[in-house]
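Read the figures in this text as sums done on the coordinates, not as results from a lab. Please read these numbers as outputs of a predicted model, since none were measured by experiment. Cβ sites come from the backbone with ideal geometry, for glycine too, and all protein chains shown count toward neighbours.
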Amino acid sequence: MHIIIDAEPDLDRYAGAFRYVLRDAYRKVRILGAILAVLGVVLLALGTDAWPFGVGLLVIGVLYVIYIPRKSVRTSIRALPLVMRQPQRIEIGDPGVRILSPLMSTEYAWAAFEKTQEIPGQLLLMLGKRQVLPVPITTVPPEQLAELRDFLANRAFVRQ
């Protein structure tokens, strides 16, 4: 098997990968925000002198539920190094994955990946719990994509 993917820099692809990798952390942040917001509403409903504290809890809760997860993705995208903002050639084969760009060349053996996950438009090769290599698969011909899926299904990754 040898698949070559020429990928232009795509910030939306990276954003999707970040959202996927951080989904558990975002869930915890949103639950905490919901709890704070509910406590704020309860304090407001009680009509006590603690209403400023209730408003504060409500605002902080809404920020945790809506703003903080979105802001963290935008911040991560802005912090992407120049090397990740270059066109890349991704070569996937039996020995592993090779990434070439004008600024770098990197090779990973399949043993480096803990697991793989396919999300819409990309294949995420997980190097760790929070470290991911997003590979765009929208331009891969269907027969090669099927071959890649079969190949990955027969690999023994650390975490499945």
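In segment 1-48, what residues are of a type outside the set (A, V, I, L, M, F, W, C), more than 19 Å from residue 120 (Cβ to Cβ) and touching a residue at least 40 places away in the same chain (Cβ under 8 Å)? Across segment 1-48, the qualifying residues are 2, 6.
The residue of segment 111-128 that is farthest from residue 93 (Cα to Cα), among those that are without any contact (Cβ under 8 Å) to a residue 40 or more places away in the chain and surrounded by fewer than 16 Cβ atoms within 10 Å (Cβ to Cβ), is 128.
Being among the hydroxyl-bearing types (Ser, Thr, Tyr) and either in contact with a Ser or Thr (Cβ under 7 Å, 6 or more places away or on another chain) or free of Cβ contacts under 8 Å to residues at least 12 places away in the same chain (or both) narrows it down to one of 108, 67, so name that one. From the options 108, 67, the qualifying one is 67.
Yes or no: segment 67-81 includes at least one residue that is touching a strand residue (DSSP E or B) at 6+ places or on another chain (Cβ under 8 Å), of a type in the set (A, V, I, L, M, F, W, C) and closer than 20 Å to residue 20 by Cβ. No: zero hits.
Does residue 136 satisfy being within 15 Å of residue 6 (Cβ to Cβ), under 20 Å from the mean Cα position of the chain (by Cα) and exposed (fewer than 12 other Cβ atoms within 10 Å of the Cβ)? The answer is no for residue 136.
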